[in-house]
1. Does Thr77 satisfy being out of contact with any Leu (no Cβ under 8 Å at 6 or more places or on another chain), crowded, with 19+ Cβ neighbours inside 10 Å and either polar (S, T, N, Q) or at pLDDT below 90 (or both)?
2. Tell me the residue from Leu164, Leu246, Leu206, Leu259 that is aliphatic (A, V, I, L, M), farther than 18 Å from Leu22 by Cβ, out of contact with any Cys (no Cβ under 8 Å at 6 or more places or on another chain) and at pLDDT below 85, please.
3. Of Gln146, Gln89, which residue is modelled with pLDDT of 90 or more and not acidic (Asp, Glu)?
4. Out of all the residues in the range 9-44, which are of a type in the set (Gly, Ala, Ser), modelled with pLDDT under 85 and either closer than 26 Å to Gly91 by Cα or surrounded by fewer than 17 Cβ atoms within 10 Å (Cβ to Cβ) (or both)?
5. Just one of Arg117, Arg137, Arg152 is over 21 Å from Leu26 (Cα atoms) and at pLDDT 95 or above; which is it?
6. Report the residue count in the range 129-143 for those that are assigned to a helix (DSSP H, G or I) and either polar (S, T, N, Q) or within 25 Å of the chain's Cα centre (by Cα) (or both).
7. Mind checking which residues of the range 73-91 are over 23 Å from Gly186 (Cα atoms), part of a helix (DSSP H, G or I) and out of contact with any helix residue (DSSP H, G or I) (no Cβ under 7 Å at 6 or more places or on another chain)?
8. When the residues of the range 92-128 are filtered to those that are assigned to a loop (DSSP other than H, G, I, E, B) and touching a residue at least 60 places away in the same chain (Cβ under 8 Å), which remaining residue is farthest from Lys170 (Cα to Cα)?
Amino acid sequence: MAQTSLLQGKQFYCREWVFHKLQHCLQEKANCSSSAANKPSLVASSGNNTGVVSGKGAAWGVLLVGGPGSGKTALCTELLWPSSPLNLQRGLHRQALAFHFCRAQDSDTLCVGGFIRGLVAQICRSGLIHGYEDKLRDPAIQSLLQPGECERNPAEAFKRCILLPLLGMKPPQQSLFLLVDSVDEGCNISEGEQTSTSLSGTIAELLAGHFEFFPPWLLLLCSARKQSKAVTKMFTGECRPREASLHLSIMRIWHLQNLW
């Protein structure tokens, strides 16, 4: 997992609209957190840069899509390690609870168990959620985080080690975000077919199956190639059973076009 900027000190240009929209989404999440109602609902997306989202209180996130070279990873990197002291992203990075960069050439970054353990470690180090570490002292939770066990049952580990502890904590003073770049990496995807590269599934499958149960103050921000339509459908709910449609959430979809 990357711990420093992948841009290696290079200057970041353009895409200011993304940071402004993200700031707006984080403010909406803050409003959701203070609202009593938090029922997920299903809506449709439209437009080139943004999607239509359901009323406040619904569980939703953001999916950045674009072709190869459109700047998805560069934008995620700039969001976490801003290169300019004056731009909006300089303040947004303080609201990052945890992050993960998936890389096709690095199998360790595609391991679901490693992904979960990495998030747990980052949340503990962040100091943004007071009391989270205390929740992890339960021996049953510790056993779920052990190598091998986490890979055998990633869904249970994700729920009991991350989601349930966060849901039981006092909401932070400001909304936070979880960033996962290139979430479609590790999936052997073709239209109408979806297979995983490991027995424990993929990071995309794990997040798509649980993001509607995120705390209302936590925004899930992912990026993926626009060609990965099956991955996009995971998050929009289009490929889930019809009988479950009333319980689905949707992600806002922002399209990144190439700069040239």
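1. no
2. Leu246
3. From the options Gln146, Gln89, the qualifying one is Gln146.
4. Gly9, Ser33, Ser34, Ser35, Ala36, Ala37, Ala44
5. Among Arg117, Arg137, Arg152, only Arg117 is over 21 Å from Leu26 (Cα atoms) and at pLDDT 95 or above.
6. Number of matching residues: 7.
7. Listed by number, the residues that qualify are Arg90, Gly91.
8. Here the answer is Ala104.
The values are calculated or read from the model by the stated rules, or taken from the named source; none is laboratory data. If you're wondering where the values come from, they're calculated on a predicted model, not measured in any experiment. Quick reminder, even Gly has a Cβ in these numbers, built from the backbone with ideal geometry, and neighbours come from all protein chains shown.
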